[in-house]
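Everything on this sheet refers to the single structure shown next.
The values are calculated or read from the model by the stated rules, or taken from the named source; none is laboratory data. What you see is a predicted model, and the numbers here were worked out from it, not measured in a lab. FYI the Cβ positions are ideal-geometry reconstructions off the backbone, even for glycines, and counts take in every protein chain you see. Only protein heavy atoms, including side chains, enter the accessible area calculation; ligands, DNA and RNA are left aside. Shrake-Rupley method; radii C 1.70, N 1.55, O 1.52, S 1.80 Å.
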Amino acid sequence: VQLQAFGGGVVQAGGSLRLSCAASGSTFSIHTMGWYRQAPGEQREFVASIYSSGTTNYADSVMGRFTISRDNAKNTVYLQMNSLQSEDTAVYYCGAGRGWGTYDYWGQGTLVTVSS
């Protein structure tokens with residue numbers, strides 16, 4: 001399975017961005033898709049996930065501002081990010097896995113920079 005993320009960029013605080021991550025290859029076994037992020041000098045942290053059933057999970061820091069969705073027909077996961085803050089600046093990585101809440105594959109990352 002290969003993952004390719006799109007949509008990063010520079011946005012002003014309070015603005016919005018939409019990230020996309022397209023999966024290709026043997027995607028039929030993928031149950032979990034999600035997003036993690038890594039800010040400079042920080043460890044990678046969980047952002048949001050969505051199961052093939054549609055169940056979603058969010059980090060407390062993005063709850064109510066970010067929305068994860070999934071198009072199973074296109075094998076694509078999206079992350080709509082609203083009310084962006086400088087603390088959201090990071091490289092965002094999409095992941096996918098066969099298990100529930102586990103990740104076997106990672107994309108290359110896309111940089112989101114929020115300017116204040």
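Restricting 1, 11 to residues that are surrounded by 14 or more Cβ atoms within 10 Å (Cβ to Cβ) and under 12 Å from residue 89 (Cα atoms) narrows the list to 11.
Number of residues in the range 75-100 that are over 18 Å from residue 4 (Cβ atoms), open to solvent by 40 Å² or more (accessible area, probe 1.4 Å) and assigned to a loop (DSSP other than H, G, I, E, B) equals 5. Contact map, the range 10-32: first residue on the phi < 0 side of the Ramachandran plot and among the β-branched types (Val, Ile, Thr), second residue open to solvent by less than 30 Å² (accessible area, probe 1.4 Å) and assigned to a loop (DSSP other than H, G, I, E, B), Cβ cut-off under 8 Å, separation 6 or more or different chains; pairs are 11/84; 32/99. Taking the range 58-74 as the range and being open to solvent by 60 Å² or more (accessible area, probe 1.4 Å) and either on the phi > 0 side of the Ramachandran plot or more than 11 Å from the chain's Cα centre (by Cα) (or both) as the test, the residues that pass are 60, 61, 63, 64, 72, 73, 74. When residue 62 is tested against (1) in contact (Cβ under 8 Å) with a residue 40 or more places away in the chain; (2) under 23 Å from residue 116 (Cβ atoms), just one condition goes unmet, and that condition is (1). Is there a residue being of a type in the set (Lys, Arg) and at pLDDT 95 or above anywhere in the range 74-81? No, that holds for no residue.
Within the range 73-87, none of the residues are in contact with a Cys (Cβ under 7 Å, 6 or more places away or on another chain), in contact (Cβ under 8 Å) with a residue 12 or more places away in the chain and over 14 Å from residue 18 (Cα atoms).
Residues that are open to solvent by 30 Å² or more (accessible area, probe 1.4 Å) and modelled with pLDDT of 95 or more were ranked within the range 23-38; the one that is nearest to residue 69 (Cα to Cα) is 36.
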